[in-house]
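Note sheet for the following structure.
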């Protein structure tokens, strides 16, 4: 199953290597592979992260993660 993004990857910082969606619909970009928690993803105090977009909450958020580089 492929992840469908409702935004373009062109507009994010060059250091973003992972993109993931939290249960509340927020899409985050991460410098290193994020770790999962109850309702989303986190960077575990390593690397940078940035909010990329907010869309509707998603019941499939746990599979909405992609490595882009």
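The values are calculated or read from the model by the stated rules, or taken from the named source; none is laboratory data. Computed from a prediction, not measured in an experiment: that's the story for all the values here. Positions of Cβ are backbone-derived with ideal geometry, glycine not excepted, and every protein chain shown enters the neighbour counts.
Does any residue of the range 53-65 turn out to be outside any strand (DSSP E or B), at negative phi and in contact (Cβ under 8 Å) with a residue 60 or more places away in the chain? First the steps, then the outcome.
Taking the range 53-65 first, the residues outside any strand (DSSP E or B) are 55-64.
Restricting the remaining residues to those that are at negative phi gives 55-64.
Keeping just the survivors that are in contact (Cβ under 8 Å) with a residue 60 or more places away in the chain gives 63-64.
There is at least one residue in the range 53-65 that is outside any strand (DSSP E or B), at negative phi and in contact (Cβ under 8 Å) with a residue 60 or more places away in the chain.
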State all residues of the range 54-69 that are under 9 Å from the mean Cα position of the chain (by Cα) and modelled with pLDDT under 90; if no residue qualifies, say none. none
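Results for (1) at pLDDT 95 or above; (2) over 10 Å from the mean Cα position of the chain (by Cα); (3) more than 12 Å from residue 65 (Cβ to Cβ), shown as yes or no for each residue.
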| site | (1), (2), (3) |
| --- | --- |
| 1 | no, yes, no |
| 6 | no, yes, yes |
| 12 | no, yes, yes |
| 35 | yes, yes, no |
| 44 | no, yes, yes |
Residues of the range 1-41 being surrounded by 15 or more Cβ atoms within 10 Å (Cβ to Cβ), assigned to a strand (DSSP E or B) and touching a strand residue (DSSP E or B) at 6+ places or on another chain (Cβ under 7 Å), in sequence order, are 18, 19, 20, 21, 26, 27, 28, 29, 30, 41
Going by the structure shown, is residue 45 loosely packed, with under 13 Cβ neighbours inside 10 Å and assigned to a loop (DSSP other than H, G, I, E, B)? yes
